[in-house]
Structure formats: structure tokens, C-alpha cells
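Take a look at the structure set out below.
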Amino acid sequence: MHLTRRAFTAATAAALAATPALASPARKPIVIAHRGASGERPEHTLMGYRLAVDQGCDFIEPDLVLTMDGVLVVRHENEISGTTDIASRREFAVRRTAKFIDGEKVEGWFAEDFTLAELKTLRARERLPDLRPGSAKFDGREAVPTFQEVIDLATAESRRVGRTIGVYPEMKHPAFLASLGLPIEARLAAALKTNGLDARDAPVFVQCFEAAPLATFKTLSKARRVQLVGAGNPAMVSAEGLKAIAQYADGVGPDWSMVLPTLDGALGPPSALVADAHAVGLLVHPWTVRAENRFLPAKLRRGTSLAEHGDAEAVFLALYAAGVDGVFSDFPGLAVAARG
Ligand code: G3P
Ligand code: CA
């Protein structure tokens, strides 16, 4: 279902003012459901997004790649064996191949080698079954969603729960896809426009680790943009680096450890990142808080196994206290609870 901008706005206008990211400068940080409620359901599934909405998230995050026929589909990477049942599908065995993507050799099956109709025959599964056996119980239940299905879900869920559920799409591998003749920026801009989301006040943030695609996207759409930054790129979040990002983006999405460095196995004092970003007008949306011990500093771990949950609440509270404008989490319910 496609809604016009007018219909989308009418459906959500009352809730819009209550949405933290869009309401006022003194707003609550937004909670972004990272790949859905991906700690509890296979990532990038409609059931995972619905659970995240039930848990109180403000935005749902789809990572985007493209099919052979140019359709935006929701996967974390274009190689799909980690999150679908493709490896067990004999009819597709011959499509296994190797490619160089962003400087690395990757082997497997790639979304851009399948039509949407073919991709839709696959079933999603949990990426981390050892850490997330509860989520793995939902393996095989759902297909790979298109971006349009995720927008439609956000629209329908906004109506159902009476508040705006935004979408926070990430362009994955844009340079690689452009080299195949499948530029993702234009397709994403067109999709947002079709859905009435080509506006600065639309409940949308477009994210990317690469700067050039964001700059290109700025010429194609009015939707807001966020520059992602990995922990290995500290220069990008220096005061100078942030000033450069502010030329083409509305926000920065750093690894959360760049806001809260670990000190002796515990959370250390916050870095200058939030203050420096705010000084040049950038929002700060760190990623990705996960509850399992595996992803937490040593002193926040609880129990004995890496799969058990540690003190993620301490991370959320420290990020909120540091002044972030939002947070990505695989456990949006915990992020909402800590926000209080
Ligand atoms: O988009 C924020 C965060 O998701 C970036 O990392 O690898 O999970 O897409 P990744
Ligand atoms: Ca992402």
C-alpha cells in the first residue's frame, strides 16, 4: 500500500508532536530499533519490527541492498547466507560465487544475483543462533521484506499505536552497487518521494558509512541524513571532522564506544563527541547497544556465558546522560525502559 504524503501526515499528525526527534529542541532521545527487535527475533523481519513497535521504539531501522531487478530489499549485507536459508536451497546452489566488495573477498550468494521473485522464496533466519537461541526459534517463518513493505508497516503501525513510527534506512555498499549499474541513492530517494517522505520534517533519517553517497543523496531528497562512523575512524569525529560532516549531514551515528570509552573494563567518562557535534548542529545517534555479555564491557557482564544479558541499562543511562539525541539498540524495549 502506498500512501500519499497527505495521507501519511493525516494519519500521524497528532502523534507527530509527541515524537521526540521531531518535537522540540529539549526532546527525549529517540529509540531506534536496530534491524527490528533483533535481539529477540531474526533481524530485518516484519515480526521483529512489529515487536519493536510494541516495545515503544520511535524508529525502525532497515539496512538496504538491491535485487537484480533493482528492488530495494532489507538485509544487512548483500551476501545473504548469514540471515536466510539460501545455503540449503538446492535450486540456487549454482549461484554461489565470490566477489570483491569494498576491498574484501566475500563468498556466498548475493542479493543482486536474484530477482525479487526468487528472493521472496527464501526464509529469514537468526544470524547469531548461539547467542540468541530464543530468536532462532522463529527461523523460517518470514520472507525477506522489501523496503516498501517496511514503510507500509511503519505507516500501519503508526495508526495502530497512535504515534509516529519513523524509518531509518541505511544504504549498504553504495559504491559496489553503483559499479554494477545499480546506484542505490536514486532508488531510495524515489522510494521516499513515492511515499510522501521527501521532506525535512518527514519521520526519516537516511544513514551511510560512506560520505559520498550521503552527499549525493542530499541532491536528490530533502530527507535528513546521518553519517555513520566506525570505531576505527576517530578523525571523523574530531571537532574538525564533525565540522566537515555538518556540510552534508544532519547527524552523526558513531559506535557508542566513541561517546563512552571503556576504562578498566567499565564505562569511562564521556568523550567530547556529543558537545562537539552539537556545537556544529549535528544530532548524535550512537549504535548499537546490545544486552548480551558478548557486547558489553567486562564489568557490566553478569552470569557466566556470553549469551546471558549484562547491565545494558548502565550503557543506556550513561548515553542519555551524555546528551545523545537517540540510540540504536537490538533491544529497543530496554532502551525505552531506561529512558523512563
Ligand atoms: O546503522 C547503525 C548501525 O546499524 C551500523 O552498523 O553494521 O549494524 O549496520 P550495522
Ligand atoms: Ca545499520
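The values are calculated or read from the model by the stated rules, or taken from the named source; none is laboratory data. The model shown is predicted, which means the values in this text are computed figures rather than measured ones. Backbone-built Cβ (ideal geometry, glycine too); neighbour counts: all protein chains shown. We work out accessible area using only protein heavy atoms, side chains counted, and drop any ligands, DNA or RNA first. Shrake-Rupley method; radii C 1.70, N 1.55, O 1.52, S 1.80 Å.
Scanning segment 246-253 for any residue that is open to solvent by 60 Å² or more (accessible area, probe 1.4 Å) and within 30 Å of GLY196 (Cα to Cα) turns up at least one such residue.
One residue stands out in segment 24-70 among those that are open to solvent by 10 Å² or more (accessible area, probe 1.4 Å) and among the aliphatic types (A, V, I, L, M): the one that is farthest from ligand 1 (Cβ to nearest atom), namely ALA26. Answer yes or no as to whether PHE147 is more than 22 Å from the chain's Cα centre (by Cα), under 26 Å from PRO174 (Cβ atoms) and open to solvent by less than 30 Å² (accessible area, probe 1.4 Å). Against the criterion (more than 22 Å from the chain's Cα centre (by Cα), under 26 Å from PRO174 (Cβ atoms) and open to solvent by less than 30 Å² (accessible area, probe 1.4 Å)), PHE147 does not qualify.
Within segment 46-82, the set of residues being within 15 Å of ligand 2 (Cβ to nearest atom), out of contact with any Pro (no Cβ under 7 Å at 6 or more places or on another chain) and in a loop (DSSP other than H, G, I, E, B) comprises GLU61, ARG75, HIS76, GLU77, ASN78, GLY82. Residue check, GLY108 against (1) touching a Gly at 6+ places or on another chain (Cβ under 9 Å); (2) at negative phi; (3) away from ligand 1 (no atom under 16 Å from the Cβ), all met but one. Which one? Among (1) touching a Gly at 6+ places or on another chain (Cβ under 9 Å); (2) at negative phi; (3) away from ligand 1 (no atom under 16 Å from the Cβ), GLY108 violates only (2). Taken over segment 20-38, the residue count meeting the criterion of being outside any loop (DSSP other than H, G, I, E, B) and either at pLDDT 95 or above or within 11 Å of ligand 2 (Cβ to nearest atom) (or both) is 4.
How many residues are more than 15 Å from LEU46 (Cα to Cα) and in contact with a Leu (Cβ under 9 Å, 6 or more places away or on another chain) if we restrict to segment 137-172? Residues meeting the conditions: 5. Evaluate segment 328-336: report whether one residue or more is open to solvent by 30 Å² or more (accessible area, probe 1.4 Å) and of a type in the set (Gly, Ala, Ser). Scanning segment 328-336, I find no residue that is open to solvent by 30 Å² or more (accessible area, probe 1.4 Å) and of a type in the set (Gly, Ala, Ser), so the answer is no. Examine segment 270-288 for a residue that is open to solvent by less than 10 Å² (accessible area, probe 1.4 Å), in contact with a helix residue (DSSP H, G or I) (Cβ under 8 Å, 6 or more places away or on another chain) and among the polar types (S, T, N, Q), and state whether such a residue exists. Within segment 270-288, not a single residue is open to solvent by less than 10 Å² (accessible area, probe 1.4 Å), in contact with a helix residue (DSSP H, G or I) (Cβ under 8 Å, 6 or more places away or on another chain) and among the polar types (S, T, N, Q). A single member of ALA186, ALA275, ALA266 is over 30 Å from GLY310 (Cα atoms) and modelled with pLDDT of 95 or more, and it is ALA186. Can you tell me how many residues in segment 164-219 are more than 16 Å from ligand 1 (Cβ to nearest atom), part of a loop (DSSP other than H, G, I, E, B) and charged (D, E, K, R)? Matching residues across segment 164-219 total 3. If only residues of segment 202-229 that are open to solvent by less than 20 Å² (accessible area, probe 1.4 Å) and small (Gly, Ala, Ser) are counted, the one that is nearest to ALA189 (Cα to Cα) is SER221. Taken together, PRO129, PRO145, PRO203 contain a single residue that is touching a His at 6+ places or on another chain (Cβ under 8 Å) and of a type outside the set (Lys, Arg), which is PRO145. Just one of the listed residues (GLY253, GLY241, GLY268) is under 23 Å from the mean Cα position of the chain (by Cα) and either under 28 Å from LEU128 (Cβ atoms) or of a type in the set (Phe, Trp, Tyr) (or both), and it is GLY253. The number of residues in segment 289-327 being within 16 Å of ligand 2 (Cβ to nearest atom) and either open to solvent by 30 Å² or more (accessible area, probe 1.4 Å) or part of a loop (DSSP other than H, G, I, E, B) (or both) comes to 2.
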